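J.: This is the structure I want to talk about, given as structure tokens.
Laboratory data are not the source of any read-out in this text; all were calculated from the coordinates shown. Remember, it's a predicted structure, so these values are computed and weren't measured experimentally. With ideal geometry, Cβ positions are generated from the backbone for all residues, glycine too; neighbour counts draw on all protein chains shown.
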Amino acid sequence: MPLLGLIGYPLAHSFSRDYFTKKFRQLGLSDHEYREFALPCPGDFPDLVRAHPSLTGLNVTTPHKVTIIPYLDWLDTTALRIGAVNTIRIDRGGGHIILEGYNTDAYGFMMMYRPLHRTGFRQALILGTGGAARAVRHVFDGYGVRCLSVSRQPSGPDQTGYDGLDEIRVKTADIIVNATPVGMFPHTGDCPVFPYEWIHPGHVVIDLIYNPVKTLFLQKAEDRGAMISNGLEMFHHQADKSWELWTE
């Protein structure tokens, strides 16, 4: 039985198993299975692969999109450039296990963001510097949108701490993206520490979280008149691209 799955920790927020189980049913693939593998430590990954000989592909979610890379044998060009992986293909041919890393988050975000982009967009604020944030930055680079990343531990000229978000930086940004897990189910009462009073109707505000559908972060932005979007469409596009990679 072909086995696919998701690794990360925790996994209560994820729709992946339901999404792929439904896809298998629609395609008549009754012999396929998708499981969730809670993986607190990326060092446990090799044992997981060895313990499930029918495992042919995995999705990777927080917090392992960057830390999983040392355990892989090969990265495609996009994953290498971004420095993060959210899809793994497992090749067991020839008696050897080859672990290939890909990034479909960038494709998913590009497909979601494309209809939101406006001529004249030049500046984005990205909350977070993890794997998802790196994929977002990669897409914005392609659009010529300059990015300022907001981090609890900023490093480099293109990053700032949350205490560095002054009125000018917030008001002159065209797009604000939450690429952190803050506010994700089950912690739906949380939201990033952000000066929401400076959000205005000219902003496009995106939260990569899709569970809940409208996070407190998005609700606060909507209250200020901003256009908002969650990460559900991105999730669908990246999942379908993962399926293509596993089955090509």
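J.: Starting at the first residue of segment 13-30, write each ³J(HN,Hα) from the Karplus equation 6.51 cos²θ - 1.76 cosθ + 1.60 with θ = phi - 60°, in whole Hz, x for Gly and Pro.
T.: Once rounded to whole Hz, the list reads 7, 7, 9, 4, 4, 5, 5, 6, 4, 5, 4, 4, 5, 5, 8, x, 9, 5.
J.: Where the centroid of each part is defined by its Cα atoms, how far is segment 87-151 from segment 26-77 in Å?
T.: 19 Å
J.: Rank these for me by crowding, Ser242, Ser30, going from fewest to most other beta carbons within 10 Å.
T.: Going from least to most buried by this count: Ser30, Ser242.
J.: Continuing with this model, one more query. Of the options Gly83, Val213, Pro181, report the single residue whose Cα projects farthest towards the positive end of the charge dipole of the chain (beta-carbon charges: Lys, Arg +1; Asp, Glu -1).
T.: Going by the Cα projections, it comes out as Val213.
J.: Continuing with the same structure: If you bin every alpha carbon distance in segment 88-200 into 10 Å steps from zero, what whole percent lands in each bin?
T.: Going from the shortest bin to the longest, the percentages are 12, 38, 31, 11, 6, 2.
J.: Mind sorting Cys41, Cys191 by how few other Cβ atoms lie within 10 Å of their own Cβ, fewest first? Provide the component values of the computation, followed by the final result.
T.: Values: Cys41 9, Cys191 20.
Least crowded to most crowded, the residues run Cys41, Cys191.
J.: Around Asp91, what is the net charge, scoring Lys/Arg as +1 and Asp/Glu as -1 over all other residues with Cβ under 15 Å from its Cβ?
T.: On the way: positive: Arg50, Arg89, Arg92; negative: Asp73, Asp76, Glu100, Glu248.
It works out to a net charge of -1.
J.: Separate question: If neighbour count is taken as other Cβ atoms inside 10 Å, put Glu167, Glu100 in order from fewest to most. Don't skip to the end; give the middle numbers.
T.: Working: Glu167 10, Glu100 18.
So the residues, fewest neighbours to most, are Glu167, Glu100.
J.: Same structure again: Could you tell me what percent of the DSSP beta bridges with both partners in the chain are antiparallel, to the nearest 5?
T.: Values: 8 of 39 bridges.
Of all bridge pairs located within the chain, approximately 20 percent are antiparallel.
J.: Still on this structure: I need the per residue convex hull volume for segment 3-103, using only the alpha carbons, in cubic angstrom as a whole number.
T.: Numbers: hull volume 10.7 nm³, N = 101.
Cα-based convex hull of segment 3-103, divided per residue, equals 106 Å³.
J.: How much length is gained if the chain between Arg118 and Asp73 is pulled fully straight, taking 0.36 nm per residue apart and subtracting their Cα-Cα distance, in nm to one decimal? Kindly include the intermediate steps, with their values, before the conclusion.
T.: Details: separation 45, 0.36 × 45 = 16.20 nm, distance 3.92 nm.
Stretched fully, the Arg118-Asp73 segment lengthens by 12.3 nm.
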